[in-house]
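Enquirer: Take this structure first; my questions come after.
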Amino acid sequence: MTALSHSDPRLLACPDRSGYTDPDVLDRELRAFFARRWMLVGRGAEIPTPGDFVTADVAGESVIVIRQTDGSVRAMLNICRHRGARILLEQRGSCPRMMRCPYHSWSYGLDGGLLGAPNMRDSVGPEQEHLGLQQVCAVEAHGCLWVTLQGDPDDFDASVTGQLRERLGDDAALGRWELERLVSGHQIRYDVAANWKLIVENFMECYHCSSIHPELVAAIPEFRGGVASQALQVGHGSALSDEAAGFTVDGRAGLPTLPELTETEQRAYYAITLFPNSFVNLFDDHVVLHRFVPLAPGRTEVVCDWLFAPEALSDGPDIGPTVELFDRVNRQDFEACERCQLGAQSRVYAHDNVLVPAEHHLRRLHDELAAALAGD
Amino acid sequence: MTALSHSDPRLLACPDRSGYTDPDVLDRELRAFFARRWMLVGRGAEIPTPGDFVTADVAGESVIVIRQTDGSVRAMLNICRHRGARILLEQRGSCPRMMRCPYHSWSYGLDGGLLGAPNMRDSVGPEQEHLGLQQVCAVEAHGCLWVTLQGDPDDFDASVTGQLRERLGDDAALGRWELERLVSGHQIRYDVAANWKLIVENFMECYHCSSIHPELVAAIPEFRGGVASQALQVGHGSALSDEAAGFTVDGRAGLPTLPELTETEQRAYYAITLFPNSFVNLFDDHVVLHRFVPLAPGRTEVVCDWLFAPEALSDGPDIGPTVELFDRVNRQDFEACERCQLGAQSRVYAHDNVLVPAEHHLRRLHDELAAALAGD
Amino acid sequence: MTALSHSDPRLLACPDRSGYTDPDVLDRELRAFFARRWMLVGRGAEIPTPGDFVTADVAGESVIVIRQTDGSVRAMLNICRHRGARILLEQRGSCPRMMRCPYHSWSYGLDGGLLGAPNMRDSVGPEQEHLGLQQVCAVEAHGCLWVTLQGDPDDFDASVTGQLRERLGDDAALGRWELERLVSGHQIRYDVAANWKLIVENFMECYHCSSIHPELVAAIPEFRGGVASQALQVGHGSALSDEAAGFTVDGRAGLPTLPELTETEQRAYYAITLFPNSFVNLFDDHVVLHRFVPLAPGRTEVVCDWLFAPEALSDGPDIGPTVELFDRVNRQDFEACERCQLGAQSRVYAHDNVLVPAEHHLRRLHDELAAALAGD
C-alpha cells in the first residue's frame, strides 16, 4: 500500500488510532489527564440552597458536589465509609440537613463529616472523626462547578481561567458575558459512539463546517472558509451574517442581547476549547456550554446546556430556534465523530491520516495529552 | 485524604474491593471455592420420577441431575461426548428412557452411559463403554440436591450438615423442620447487579435491618438492635413479635405450624448461611431457601424457594402474605448490594471500609475464601 | 473422570475447544487465515453499473468493492485518507461519479484516487497523488466478487477455482451451472451464536442429517446414511428422491432446470466447502450460496443467497418452497452449532470429543487452519 510522503510541511500526521479503541489507553488518560485537571461538572445555579447537590462522573468516580450552609461548595466521593455503598443515586437533589447512606443509615453532614450511625457509641466510638467522606477539591467560578481528584490541585486561575483569557485576550471580555448569573434554559444529553478525542478534535476545527453544518455557515459565513475562529488571532470572534437577525436556526432574532457586550461582541460568536472536558460557546444573547464524560474507548456522554440571562427567560420566550441551531450542529458533529470511530477500529489501515493547515492546531490536544501521560 | 486509624479494635477492615469487580478473581473463586464444595442446585421433589432431571450452573458448568430407576440421583456434565453439544437446554424436564443429544442422536442412559448412536457399530464400536457422559458427584439430602465438581469430594455430612448442626446445636433440631418432605409453593429468580460476596455479607449481618427492612423488624423486634441471630449463641432463634400472629408481611397468621417443632421454635426465626452458595431460613410454618449462581463479577442470580408442608398446601391456602415478607426483604437487600457494587468500582477510594462489632463475623466468609484460594 | 482411549483408529480427536471461545485465537485466525485468502463478498450482479458498490466486512475491515467505468471491479479500504472516517455506511449503493467522505468532503474517483478537497491547493497540494484510498486486491469470477487483504495474493484460479474443480472433477461441470449469469432471488442474513468453525464443521458432514433435517433427507434419501456427498468420490452428487419432483421443502416441482446440465446433474445435489468463508450448493434449478463473517469468538453472521437463472425468475414464479427447504436446513444447523458453542465454554470438560469415520474429513479444516496459523 502506498506510503504517505510527509515531505510537504502542510500535512501533519494524526496520532496513532489505537489510542482511540484501547481500554488501557483510556484508563491512563482518566488517571493522568482527567483526574488531575479541573473538570467542569455543572452549574452553581443548579444547587442554590444549602444541601442542594449534584453528582457527577469525574474520571470514573462518582463525586457529590453540595452547597454548604455558608454558601460555599464542597465535593466528596459518593461512597459510604462504612461498607462502601453509593450514597446518592440521583444526578441532582437536596439533602437539607444531612446525607444518609440508605444501607445502614450512617449519616454525614453537608461537609462530609460523620454525624451518626446506629448504635453510634458501640459501633464507631472515638473513630467518628476519621470516618468522614473522602474530600475532593471543588471550586465555584464563572457560575460553574469545578472538581479535581488531584489532592494538590493546579492553580485554578492559571489553569481554567487562563485558557479563557488566552482565547479572549483579557478577563474583562469574559466578564461581559456575566457567566455567573446565567441560568440554563435547556439541557440535552448526547450518547456518542466515539472516543472523546474525536469529539475534541471535531470541536477545535472548522474545516468540516461547510460540509456538514449548513445552518451554522448560513449564520456565520466566515466558516465557509474552513478556518476555526479559535485558530485565528486572540480575541477574534466570527461575525453573524448580515442577513441574520440572530444566532438561531433560521436567522430570526434571538433574545435580548446581554447588556455589557461591546458592539462587536453583539454580532459575533466565540468558541473556546477548555481542556480537559468542556467547550464554551459565547453568543450575544446566550452561551452554549458542553461538558463530556468518557464512558468507554468508543463511547462518550456529552451534556450540553443553553444558558441565558434570567431576565430574558422571565417572560417565557421561545428559545426553540436558538436551541435548535446548536442541537443540529451537535448531532451533525457527533455523527461525523462516530464515522471516525468506525475507521479507527481498522487493524490494517496505515493510519497515516493528515492534518491540513486549517487543522494544525489540533496538535495542541495531543501535545497536552502526551505531556500528561508522560508524567504518569 | 484522611487515612483511617485502625487502633480501635472495634473496627475491622473490610477486604479489598478489587476482588468484587475483577473477572480473574471470580474465575479463581469459581475454580477453588465453588467447584470444590457441595453446591445446592435444587430440591429432590423437583425430580420425583426416574428420568426427571434439573440442569444447573455449577461454577460455570452446566450439570444434569437426574433421578435413576432405583430412586437415587446421579449428576453428569451436560455435554455430549461426540461433538460437545449441550444436550438438555431446559432447567427442568423429564427423559423417561434416555437422554438424546439432538445434534447426531447419540443417546445416553439415565446413568450417563452411551446407549446408542447412528451406525453404532461402524462409528463407535468397542469404544462405547468409554463414551459415557462425564460423571459429577451428587447427593440427595435434607430434601435437596447437592453437587460438587470435585472428583474426591469433601465428606458431605461434615461439610454441609456440619454447618447446619453448628448453627442449630444438634441434628434433632434440624430434623423437626422435616426438610425432606417439604415442597416448594413459590419460586422467584432475582437478577442482581452485585458481586456474590456482597450478597453473602448482606445475609450474614443485621446491622442494616432497621434501615431497610421495616416489615422484617416489625415481625421480629430483636432485629432493631442490629445483631444477626446467627452471630449470637448457637441455637438462638429470633422471636416473633407478640403483636404478630405469624411470619407474614402484615403480621396476620400464616399456615399451620410444622408439627414437630418445640414451643420456642413455633415463635422463632433461624437464619443459616451455608457456604458456598445457599441460605436457609427456618420459620414455624415454612422455610425460605436461597441459592445463588455467580454469573459475572458484578452479576449474580439468586433463586429463592418458599417451602411448605404438603398437607398445608393441599387446600390451596393464601401463601401471598408469607411469600411477600421475604420477597420484600430480598428486594431491599439486593438494592443495597447493588449500591455497594457501584462503590466497589472506584479506583481512587481508599476502600478502608470498616466492620463494626455487629458485623465482625463477616470475616468468616473472607477467611474461608482466602483459605480456599490459598490452596489453589 | 474417564479418559477416552484413542486406540480405536475410527475415533479421531476433535481439536481443543478453547479455540472456539478465545478472542485472541479469533484475532490470529482473522489475520493469518481470513485476511490472506480470497474471501467471497458478494455477487457481481449486485453492482451492474459503474459507481455501484457493495461494502463488506473482510477479516474485520470495511472494504468497498466498486464497479469501474471499464466494467472491471476494484476494492479499497472504506477509510478516508484525511481523518480516517468511514466513507460509505450502506451495504450496497451507487456513487455514479465519485465517492465523497461526508466529514470534510474529500472526494475520490471510482478507482480510489483523490479527486478533490475543500481548498485543495492550500490543504493538499502536490501530495494529492499519494492520498488515494488504500487499494485491496479484488477479482470478479464465477459471477462473484472476491477480495483479499493480502498484498501479494494467492493465485485465484489455483486457490478458489481449484477447490471447485477438486470437488466436481473438472471445470466443464462447474460451467454447466453458468454461475456468472445467475441472479439472487432471495437473501437471508442469519446471526448465529456460534464460532465460525462450528458452522464449517457442520456444513462439511452429514452424520447429523437424519437427526435434524427431516425435509432434507426426504428430498435426498442418501443422506439418511450419514455420509456427506463431498466426503465421497470426486464428482459425486446426491440424488433427488424418486418421490420428489424438485428440490423443494415438500417435494413439489421447482423451477425449470438449468439448460446445460447433464441428465445426472438434473437430479442431484452437490455441496462444496470453499475455504475460507463460503459454501456452494448446486441444484438443478438453483444455487444456494453461503458466505459468513466471524464477528466474535461466539458469533458469526451468515449471508445466504438463492440464485436462479434470470429467465426463470422473469415471470414471477413461486420460489417459496425452494427457499424454504434450505432456510429450514440453515436454521436446524445453526441451532445445533449454538448447542456446541454452549458446550465449548466448559472449563472442566475434557474436550476429548470424537470424530466418527463419517466425519474424518473435518480434519481438513483444522489442518488448513493450523498451517495458516503456523505461518503467522
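The values are calculated or read from the model by the stated rules, or taken from the named source; none is laboratory data. Please read these numbers as outputs of a predicted model, since none were measured by experiment. Every residue, glycine as well, gets a Cβ built from its backbone with ideal geometry; the counts of neighbours run over all protein chains shown.
Enquirer: Within the group A:24, A:57, which residue is in the same structural domain as residue A:350 (by TED's automatic domain parsing) and surrounded by fewer than 20 Cβ atoms within 10 Å (Cβ to Cβ)?
Expert: Working: A:57 fails: in the same structural domain as residue A:350 (by TED's automatic domain parsing).
Exactly one of A:24, A:57 is in the same structural domain as residue A:350 (by TED's automatic domain parsing) and surrounded by fewer than 20 Cβ atoms within 10 Å (Cβ to Cβ), namely A:24.
Enquirer: Okay, next question. Which is outside the structural domain of residue C:144 (by TED's automatic domain parsing) and not in a loop (DSSP other than H, G, I, E, B), of C:215, C:260?
Expert: Numbers: C:260 fails: not in a loop (DSSP other than H, G, I, E, B).
C:215 is the lone residue from the list that is outside the structural domain of residue C:144 (by TED's automatic domain parsing) and not in a loop (DSSP other than H, G, I, E, B).
Conditions tested, residue by residue: (1) at pLDDT 95 or above; (2) within 30 Å of residue C:311 (Cβ to Cβ).
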site	(1), (2)
C:148	yes, no
C:160	yes, yes
C:170	no, yes
C:184	yes, yes
C:194	yes, no
C:197	yes, no
C:208	yes, no
C:211	yes, no
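Enquirer: Follow-up. What number goes with the only condition from (1) hydroxyl-bearing (Ser, Thr, Tyr); (2) surrounded by 21 or more Cβ atoms within 10 Å (Cβ to Cβ); (3) free of Cβ contacts under 8 Å to residues at least 24 places away in the same chain; (4) within 22 Å of residue A:338 (Cα to Cα) that residue C:107 does not pass?
Expert: Exception for residue C:107: condition (2).
Enquirer: Considering C:174, C:182, C:198, which residue is assigned by TED's automatic domain parsing to the domain that holds residue C:248, crowded, with 19+ Cβ neighbours inside 10 Å and within 30 Å of residue C:18 (Cα to Cα)? If you could, list the steps in order and put the result at the bottom.
Expert: Values: C:174 fails: within 30 Å of residue C:18 (Cα to Cα); C:182 fails: within 30 Å of residue C:18 (Cα to Cα).
C:198 is the lone residue from the list that is assigned by TED's automatic domain parsing to the domain that holds residue C:248, crowded, with 19+ Cβ neighbours inside 10 Å and within 30 Å of residue C:18 (Cα to Cα).
Enquirer: Within segment A:299-320, is there a residue that is within 19 Å of the chain's Cα centre (by Cα), part of a helix (DSSP H, G or I), at negative phi and of a type in the set (A, V, I, L, M, F, W, C)?
Expert: Just the residues of segment A:299-320 that are within 19 Å of the chain's Cα centre (by Cα), to begin with: A:299-308.
Those still in the list that are part of a helix (DSSP H, G or I) too: none.
No, because not a single residue in segment A:299-320 is within 19 Å of the chain's Cα centre (by Cα), part of a helix (DSSP H, G or I), at negative phi and of a type in the set (A, V, I, L, M, F, W, C).
Enquirer: I've got another one for you. Given the residues B:129, B:140, which is the only one that is of a type in the set (Asp, Glu) and not in a strand (DSSP E or B)? Let's see the steps before the verdict.
Expert: Details: B:140 fails: not in a strand (DSSP E or B).
Exactly one of B:129, B:140 is of a type in the set (Asp, Glu) and not in a strand (DSSP E or B), namely B:129.
Enquirer: Scanning segment C:218-238 for residues that are touching a residue at least 60 places away in the same chain (Cβ under 8 Å) and part of a loop (DSSP other than H, G, I, E, B), which turns out nearest to residue B:104 (Cα to Cα)? If you could, list the steps in order and put the result at the bottom.
Expert: First, pick out the residues of segment C:218-238 that are touching a residue at least 60 places away in the same chain (Cβ under 8 Å): C:219, C:226-228, C:230-231, C:234-235.
Then drop every residue that is not part of a loop (DSSP other than H, G, I, E, B), which leaves C:226-228, C:234-235.
Values: C:226: 10, C:227: 12, C:228: 14, C:234: 25, C:235: 26 Å.
Here the answer is C:226.
Enquirer: Taking the residues in segment A:127-171 that are in the same structural domain as residue A:112 (by TED's automatic domain parsing), more than 29 Å from residue A:101 (Cβ to Cβ) and touching a helix residue (DSSP H, G or I) at 6+ places or on another chain (Cβ under 6 Å) as candidates, determine which candidate is surrounded by the most Cβ atoms within 10 Å (Cβ to Cβ).
Expert: So, considering only residues that are in the same structural domain as residue A:112 (by TED's automatic domain parsing), more than 29 Å from residue A:101 (Cβ to Cβ) and touching a helix residue (DSSP H, G or I) at 6+ places or on another chain (Cβ under 6 Å), the one surrounded by the most Cβ atoms within 10 Å (Cβ to Cβ) is A:142.
Enquirer: If you don't mind, there's one more thing I want to ask. Output the residues belonging to segment A:90-117 that are at the interface with chain B (Cβ under 10 Å from one of its Cβ atoms) and basic (Lys, Arg).
Expert: A:100
Enquirer: Assuming residue B:244 fulfils every condition listed in (1) assigned to a loop (DSSP other than H, G, I, E, B); (2) touching a residue at least 60 places away in the same chain (Cβ under 8 Å); (3) more than 14 Å from chain A (Cβ to nearest Cβ); (4) of a type outside the set (Asp, Glu) apart from one, which condition is it?
Expert: (2)
Enquirer: Would you please name the residue that is farthest from residue B:227 (Cα to Cα), looking only at residues in segment B:365-376 that are touching a residue at least 12 places away in the same chain (Cβ under 8 Å) and part of a helix (DSSP H, G or I)?
Expert: Taking segment B:365-376 and keeping what is touching a residue at least 12 places away in the same chain (Cβ under 8 Å), we get B:365-366, B:368-369, B:372-373, B:375-376.
From the residues that got through so far, the ones that are part of a helix (DSSP H, G or I) too are B:365-366, B:368-369, B:372-373.
Working: B:365: 17, B:366: 19, B:368: 22, B:369: 23, B:372: 28, B:373: 29 Å.
The qualifying residue farthest from residue B:227 (Cα to Cα) is B:373.
Enquirer: In segment C:106-126, which residues are within 34 Å of the chain's Cα centre (by Cα) and part of a loop (DSSP other than H, G, I, E, B)?
Expert: C:106, C:109, C:110, C:111, C:112, C:113
Enquirer: Now a separate question. Quickly run through segment A:157-199 and pick out the residues that are within 30 Å of residue A:338 (Cβ to Cβ) and part of a helix (DSSP H, G or I). Give the steps one after another, and end with the answer.
Expert: Initial filter on segment A:157-199 (within 30 Å of residue A:338 (Cβ to Cβ)): A:160, A:163-164, A:167, A:184-199.
Across segment A:157-199, the qualifying residues are A:160, A:163, A:164, A:167, A:196, A:197, A:198, A:199.
Enquirer: Still on this structure: Considering every residue within segment B:239-252, establish whether at least one is surrounded by fewer than 18 Cβ atoms within 10 Å (Cβ to Cβ) and hydroxyl-bearing (Ser, Thr, Tyr).
Expert: There is at least one residue in segment B:239-252 that is surrounded by fewer than 18 Cβ atoms within 10 Å (Cβ to Cβ) and hydroxyl-bearing (Ser, Thr, Tyr).
Enquirer: Restricting to segment B:143-156, and then to whatever is part of a strand (DSSP E or B) and hydrophobic (A, V, I, L, M, F, W, C), can you tell me which residue is nearest to the other protein chains (Cβ to nearest Cβ)? Full working, then the answer.
Expert: In the first step, residues of segment B:143-156 are kept if they are part of a strand (DSSP E or B); the result is B:144-148.
Remaining after also requiring hydrophobic (A, V, I, L, M, F, W, C): B:144-147.
Working: B:144: 22, B:145: 19, B:146: 17, B:147: 12 Å.
Taking the candidates together, the pick is B:147.
Enquirer: Which residue is farthest from the other protein chains (Cβ to nearest Cβ), if the candidates are limited to segment A:323-369 and must be in contact with a helix residue (DSSP H, G or I) (Cβ under 8 Å, 6 or more places away or on another chain) and aromatic (Phe, Trp, Tyr)?
Expert: A:334
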